[in-house]
Amino acid sequence: MDLSDILTHLGEERSQYFNAISPPIIQTSNFAFKDTASFRAAFLDERGHHLYSRGNNPTTEILRKKIAALEKAEDSLVFGSGVAAMACAVMSNVQAGDHIICVENPYSWTHKLVSKLLLKFGVDHTFVSGTDNQEIADAIRPETRVMILESPNSITFKIQDLKFCGEICRAHGITSIIDNTFASPLYQNPHTWGIDIVMHTISKYLNGHSDVVAGVITGTQKMMDKIFASEFMTLGPILSPHDAAMVLRGLRTLPLRMERVHRSGLAVAQYLEAHAKVTQVIHPLLPSFDQHDLALQQMSGAGGVFSFLLKAQTIEDVNAFVDRLERFTLAVSWGGHESLVIPFSIFYNIEGRENPAYPFNLIRLYVGLEDPDYLIQDLENAFTAL
Ligand SMILES: Cc1ncc(COP(=O)(O)O)c(C=O)c1O
């Protein structure tokens, strides 16, 4: 289906709401029925009806249809956060005694889901680097039921061979799940490589304005029905109709925003790579990236997030550089209009905690919608702090 058609028309039954161009926010918890037969039919098939907004709501339904189409999937489920989407996708496919393979250093709360929460329920795990197909194959056990991928990973940008992972999971009856947020549905469609469930935190590019926390999973109708009937309905991690409408508005400009952050991100990365006070830039679409060939095979763009290693001797040097930045805001997250920075130096020397696995001079940037020259000037100015 044409991208413009998905973003402008798909799922929008305008004759049902006075031919309004923008879908209404159907702010209701429940729905009325004209007779017992239709009431009974809704109970028997809650997914196919509007019975109660913890299940289906017409505003969130429009969003579901659009994101499923963006990921070339049969269906999707939207959630009140990305972590809820990932947790429900994983939990629905494991039980006590099962084993999960997960890439090392995934998003921190995905790591905690696997290493802490699921362990409490008797689900074991193995973390793999994800960059070596043999290592992935060797980690498979008879009781392995789920493989969690994150490609690229949003800090190290390591990528996994999606075709290989899709095939090996199919061969062993393992459900493959990927966090595809970094690439967005415009630059990578993992279902086309045989991955079963694709997850996004909508809080990043899909919404794109840093004002909604939400998540989504896409997959077959059968898989979405299964998750709906289990974790989705029992845990209730839903997105409100109001937030769904906000995301629908953000989604209209997804291709424009992605193209802008992709180009600007590469321009800033190239500037940094040529700078004498930078040791390394880690960006999947730079030729210097370790897995550059695989990145080109799987991804048609990269968005605006990447990391670099500052040529700094001390944590104080890194902090002085970052504190000099005025146009990159110190904040978590990414994918909105505004450029952001996280120095890993802030996670060092915290009492009672181990230092992170990343070097102290690693800095993650998110290049937003500003003019790249305006951002480069800011970096140039900050380098004088060194
Ligand atoms: C790669 C990645 N996955 C998942 C999440 C979690 O999403 P949410 O904050 O919407 O729960 C984040 C949040 O920062 C993220 O960066």
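Quick note: the coordinates plus some simple rules give every number you see, no bench work behind them. Note that the coordinates shown come from a computational prediction; the quantities given were computed from them, not determined experimentally. Cβ placement follows ideal geometry from the backbone for every residue including glycine, while neighbour counts extend to all protein chains displayed.
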Practice task
Estimate the FRET efficiency between THR279 and ALA171 by the formula 1/(1 + (r/R0)^6), using the beta-carbon distance for r and 56 Å for R0, to the nearest 0.05.
Solution key: 0.85
Exercise for the section: For the stretch 3-251, evaluate the Debye formula with one uniform point scatterer on each Cα (no solvent term) and list log10 I(q)/I(0) at q = 0.10 Å⁻¹, rounded to two decimals. Expected result: -0.48
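What value does the stretch 1-78 have for Rg/Rh, both radii from Cα atoms and Rh as Kirkwood defines it?
Values: Rg = 13.8 Å, Rh = 13.8 Å.
Radius of gyration over Kirkwood radius for the stretch 1-78 works out to 1.00.
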Exercise for the section: Normalising by the residue count of the chain, find the relative contact order in percent from Cα pairs under 8 Å and 6+ residues apart. Expected result: 15
Problem - Mean Cβ neighbour count within 10 Å, used as a protection proxy, ranking 309-315, 274-280 highest first - result: 309-315, 274-280
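Under 25 °C and 0.890 mPa s, how fast does the stretch 1-133 diffuse according to Stokes-Einstein, given a Kirkwood radius computed over C-alpha pairs? Answer in µm²/s, whole number.
Estimated via Stokes-Einstein, D reaches 136 µm²/s.
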Practice task
Using only alpha carbon pairs under 8 Å that are at least six residues apart, calculate the relative contact order of the stretch 254-383 and give it in whole percent.
Solution key: 29
Fill in the blank from the handout: Short to long, in 5 Å steps from zero, the percent of alpha-carbon pairs of the stretch 141-277 per bin is 2, 9, 15, 18, 19, 16, 10, 6, 3, 2, 0, 0
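I need the GluC sites (Glu not before Pro) found in the stretch 140-188, filtered to DSSP loop residues with at most 16 other beta carbons within 10 Å of theirs.
Details: sites: GLU143, GLU150, GLU167; in loops: GLU143.
Those satisfying the criteria are GLU143.
Only four residue types carry charge here, +1 at the Cβ of Lys and Arg and -1 at the Cβ of Asp and Glu. Report the dipole size of the chain about the Cα centre in Debye, rounded to the nearest 20. The partial results should precede the final answer.
Values: 31 positive and 43 negative charges, 159 e Å.
The dipole magnitude comes to about 760 debye.
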Handout entry: Using alpha-carbon coordinates, inclination of helix 241-251 to the longest axis of the chain, degrees
Key = 50
Handout entry: Farthest toward positive dipole pole in the stretch 218-339 [+1 Lys/Arg, -1 Asp/Glu at C-beta], among PRO241, ALA274, HIS292
Key = PRO241
Fill in the blank from the handout: Around GLY335 (Cβ within 11 Å, Cβ-to-Cβ, excluding GLY335; K/R +1, D/E -1) the net charge comes to +1
Practice task
State the Cα centre-to-centre distance between the stretch 300-372 and the stretch 45-120 in whole Å.
Solution key: 29
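Quick one: net charge of ASP243's neighbours, Cβ under 15 Å, K/R +1, D/E -1?
Working: positive: ARG54, ARG64, LYS66, LYS204, ARG249; negative: GLU61, ASP211.
Every neighbour counted, the sum reads +3.
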Problem - In degrees, nearest ten, helix 58-70 long axis to first principal axis of the chain (Cα) - result: 60
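Which trypsin sites (Lys or Arg not before Pro) in the stretch 151-197 pass both tests, a DSSP loop state and at most 15 other beta-carbon atoms within 10 Å?
On the way: sites: LYS158, LYS163, ARG170; in loops: LYS158.
Passing both the DSSP loop test and the Cβ count: no residue.
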Exercise for the section: Restricting things to alpha carbons, find the Rg to Rh ratio for the stretch 33-110 using the Kirkwood radius for Rh. Expected result: 1.08
Fill in the blank from the handout: Compactness summary of the stretch 194-261: radius of gyration and Dmax from Cα atoms, Å, are 13.6, 40
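Treating the beta-carbon of each Lys and Arg as +1 and of each Asp and Glu as -1, no other charges, what is the dipole magnitude of the stretch 241-348 about its Cα centre, to the nearest 20 debye?
On the way: 9 positive and 10 negative charges, 76 e Å.
Value, rounded to 20: 360 debye.
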Problem - For the stretch 254-383, the spread of Cα positions along each principal axis, largest first, Å - result: 43, 31, 29
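Which FRET efficiency, nearest 0.05, do GLU380 and HIS9 yield, Cβ-Cβ r, R0 51 Å? It would help to have the intermediate numbers written out before the result.
Details: r = 45 Å, r/R0 = 0.87.
Computed FRET efficiency for GLU380 and HIS9: 0.70.
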Handout entry: Spatial separation of Cα centroids for the stretch 172-195 and the stretch 25-40, in angstrom
Key = 36
Exercise for the section: Considering only DSSP beta bridges where both residues belong to the chain, give the percentage that are antiparallel (nearest 5). Expected result: 55
Handout entry: Peptide ranges 234-242, 350-358 listed from the most packed, as the mean C-beta count within 10 angstrom indicates
Key = 234-242, 350-358
Practice task
With the convex hull built on the Cα atoms of the stretch 287-345, state its orientation-averaged projected area in nm².
Solution key: 5.4
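What order, most packed first, do the peptides 19-25, 282-288 have when packing is the mean number of other Cβ atoms within 10 Å of each residue?
On the way: 19-25: 12.6, 282-288: 18.6.
Packing order, densest peptide first, comes out as 282-288, 19-25.
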Exercise for the section: List the relative contact order of the stretch 1-147 as a percent without decimals, with contacts defined as Cα pairs under 8 Å and 6+ residues apart. Expected result: 18
